[in-house]
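So the structure is just underneath, and the comments pick up after that.
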Amino acid sequence: QVQVVESGGGLVQPGGSLRLSCQTSENIINFSAMGWYRQAPGKQLERVATISIIGSTDVADSVKDRFTISRDIARNTVYLQLNGLKPEDTAIYYCNAEKRTTNYWGQGTQVTVSS
């Protein structure tokens, strides 16, 4: 069973930064794509950023100028760098790993942006 574990969330002031990590139990190049999603209270799950098996990235327009997705294959880890955080970025951030027709999800990490 594939394990997906997120970390790095926390409470940060507006304008601050965080780096989220997503580590998997197997080599991340086994997955066709990995991505970060978020769900704010009372809202639907939203795609934030994805990275493909060849390393191409796609970041949602709403955060493209502030968030960056990257990976470290040797560490089986995908990162999401969050800069210039705003209160509306407050959400639970989930990592997803896609293999063929199966999606594996982590438990999520809470990001709270507040002064």
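In straight-distance terms, cross-link reach from Lys86 covers every one of the aspartates and glutamates whose alpha-carbon lies under 13 Å from its own, apart from those fewer than eight places away in the same chain; here that gives Asp65. Can you bin the stretch 47-115 into rounded, prolate or oblate? Criterion: square roots of the alpha carbon gyration tensor eigenvalues sorted a ≥ b ≥ c, rounded for a/c under 1.5, prolate for a/b above b/c, oblate for the rest. Prolate. Per-atom-type breakdown for the chain gives carbon and sulfur 46% of the accessible area (1.4 Å probe, protein chains only). The HN-Hα couplings worked out from phi for the stretch 39-49 by the Karplus form 6.51 cos²θ - 1.76 cosθ + 1.60 (θ = phi - 60°) are 9, 8, x, x, 10, 7, 4, 10, 6, 9, 7 Hz, whole numbers, x standing for Gly and Pro.
On a per residue basis, the stretch 8-115 carries 52 Å² of accessible surface, using protein heavy atoms and a 1.4 Å probe. Pair-distance distribution of the chain: all C-alpha pairs, bin width 10 Å, starting at 0; shares per bin in whole percent are 15, 50, 29, 6, 0. For Lys64, a cut-off of 15 angstrom between C-alpha atoms picks up these aspartates and glutamates, skipping any fewer than 8 places away in its own chain: Glu46, Glu88, Asp89. Listed by chain and number, the aspartates and glutamates whose C-alpha is less than 14 Å from the C-alpha of Lys99, apart from same-chain residues fewer than 8 away, are Glu26. Largest GNM mean-square fluctuation across Lys43, Lys86, Lys64, computed for the chain with C-alpha springs under 10 Å, falls on Lys43.
The values are calculated or read from the model by the stated rules, or taken from the named source; none is laboratory data. Quick caveat: nothing in here was measured; it's all calculated off a predicted structure. Note: areas computed on protein heavy atoms with side chains; ligands, DNA, RNA excluded. Shrake-Rupley method; radii C 1.70, N 1.55, O 1.52, S 1.80 Å.
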